[in-house]
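Asks: Sharing a structure below in structure tokens format, with a few things to ask.
The values are calculated or read from the model by the stated rules, or taken from the named source; none is laboratory data. Just so we're clear, the structure is a prediction, and the values are computed from it rather than from any experiment. Cβ sites come from the backbone with ideal geometry, for glycine too, and all protein chains shown count toward neighbours. Just so you know, the surface numbers come from the protein's heavy atoms only, side chains and all, with ligands and any DNA or RNA stripped out. Shrake-Rupley method; radii C 1.70, N 1.55, O 1.52, S 1.80 Å.
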Amino acid sequence: MQALLERLDALLADNSIFTLQTLSYYGDGLATTVQLVFLSLLIGLVLAVPLAVGRCSRHRWIKLPIFAYTYVFRGTPLLVQLYLIYYGVVFVEGVQESWLWPLIKDPFMPALLAFTLNTAAYTTEIFRGAIKATPRGEIEAARAYGMSPALALKRIVLPSAFRRALPAYGNEVIFMLHASAIASVVTLMDLTGAARFVYARFYAPFDAFLFVAAIYLCLTFTILYFFRFLEKRLLGHLTPAS
């Protein structure tokens with residue numbers, strides 16, 4: 001490893017901007033961005049599944065609060081939500097004296113909360129539409145086999161809805177990756193924050209931001225091909241035979 005670093009340092013010896021030190025900033029920013037996006041998507045997905053089922057309920061007292069939540073978080077900018085959570089939490093009485101303060105004062109946790117609530121709202125609506133689009137014949141077949149509504153939901157409706165929602169959810173994952181660029185406005189050193197630091201230090205906006213744009217492109221194409229692979233595996237039966 002040391003030999004690799006020395007070789008890389010020699011290759012970058014004539015470059016005044018991209019040195020091992022500045023590349024380490026991008027590396028730390030990449031790790032923060034991936035961690036933030038992955039955790040928010042994972043927690044948001046776990047929250048979205050029961051919320052989507054609740055949105056399809058016939059009981060108004062169940063579906064209306066979920067509708068209000070998704071309406072608010074889908075109808076307001078993510079940046080505003082991030083500002084409200086990061087800056088507004090300090091005005092909650094007693095929060096600075098509570099055990100939550102060490103967690104909340106770190107910008108990562110408010111950013112994670114804002115991103116999770118936002119993606120959970122979008123994912124809820126994606127899965128709700130997929131559940132509503134379940135063919136009637138699949139549900140009737142489940143009933144014919146003697147499945148209870150809960151068992152049919154677990155074995156038939158949700159797996160079928162997940163396959164239909166896969167393309168739309170892939171777009172949501174890419175959207176969250178791109179939206180994570182705003183995390184730097186709350187002093188979080190993500191990829192965009194690293195680019196801003198390099199720009200402020202060397203006054204080289206094109207070098208700093210074009211490099212980070214290339215990193216985002218690589219991440220986006222990785223996600224895109226991953227979901228293409230999943231679609232081929234899970235939706236292969238819908239592909240017309242040649």
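Asks: On full extension of the chain, what length is gained from residue 105 through residue 235, given 0.36 nm per residue of separation minus the C-alpha to C-alpha distance?
Replies: Result: 42.4 nm gained on full extension.
Asks: May I ask you to compute the full-extension gain from residue 222 to residue 39, defined as 0.36 nm times their residue separation minus their alpha-carbon distance, rounded to one decimal in nm?
Replies: The span from residue 222 to residue 39 would gain 64.1 nm if fully extended.
Asks: Could you point to the label whose value was computed as Kirkwood radius over Cα pairs in Å for the structure here, given [x] 17.8; [y] 20.8; [z] 18.7?
Replies: [y]
Asks: Please work out whether region 144-242 counts as rounded, prolate or oblate from its C-alpha gyration tensor, where a ≥ b ≥ c are the square roots of the eigenvalues and a/c under 1.5 means rounded, while otherwise a/b larger than b/c means prolate and anything else oblate?
Replies: oblate
Asks: I've got another one for you. Mean-square fluctuation check for the chain, GNM, Cα pairs under 10 Å: which of 112, 45, 100 is largest?
Replies: 100
Asks: Which distance in nm do the two modelled labels at residue 151 and residue 64 give, with both placed 7 Å along the Cα-to-Cβ direction?
Replies: 3.5 nm
Asks: Rounded to the nearest 0.05, what FRET efficiency do residue 76 and residue 21 have when you use their Cβ-Cβ distance and R0 = 45 Å?
Replies: About 0.70, to the nearest 0.05.
Asks: Another question about this same structure. List, in order, the whole-Hz ³J(HN,Hα) value for each residue of region 222-234 obtained from phi through the Karplus relation with A = 6.51, B = -1.76, C = 1.60 and θ = phi - 60°; use x for Gly and Pro.
Replies: Whole-Hz 3J(HN,Hα) from phi for region 222-234: 4, 5, 4, 5, 5, 6, 4, 5, 5, 5, 5, 6, 8.
Asks: Express the carbon and sulfur contribution to the solvent-accessible surface of the chain as a percent, rounded to the nearest whole number, probe 1.4 angstrom. Working shown, then result.
Replies: Values: 9930 of 14760 Å².
Carbon plus sulfur share of accessible area: 67 percent.
Asks: A further question on this structure: Taking the Cα centre as origin and putting +1 on Lys and Arg beta-carbons and -1 on Asp and Glu beta-carbons, what dipole magnitude results for the chain, to the nearest 20 debye?
Replies: For the chain, the charge dipole is close to 1520 debye.
Asks: Tabulate in residue order the Karplus-calculated ³J(HN,Hα) for region 19-28, using 6.51 cos²θ - 1.76 cosθ + 1.60 with θ = phi - 60°, rounded to whole Hz; enter x for Gly and Pro.
Replies: 10, 4, 5, 5, 5, 5, 5, 5, x, 5
Asks: Give the accessible surface of the chain per residue, rounded to a whole number of Å², with probe radius 1.4 Å and ligands, DNA and RNA excluded.
Replies: Working: 14760 Å² over 242 residues.
The answer is 61 Å² per residue.
Asks: From the phi angles alone, apply the Karplus equation (6.51, -1.76, 1.60; θ = phi - 60°) to region 183-191 and give each ³J(HN,Hα) in whole Hz, x where the residue is Gly or Pro.
Replies: The phi angles translate into 4, 5, 6, 10, 6, 7, 7, 8, 4 Hz.
Asks: Also: How high is the FRET efficiency from residue 133 to residue 28, r the C-beta distance, R0 35 Å, rounded to 0.05?
Replies: My answer for the efficiency is 0.25.
Asks: Of the options 22, 210, 44, report the single residue whose Cα projects farthest towards the positive end of the charge dipole of the chain (beta-carbon charges: Lys, Arg +1; Asp, Glu -1).
Replies: After comparing all options, I get 44.
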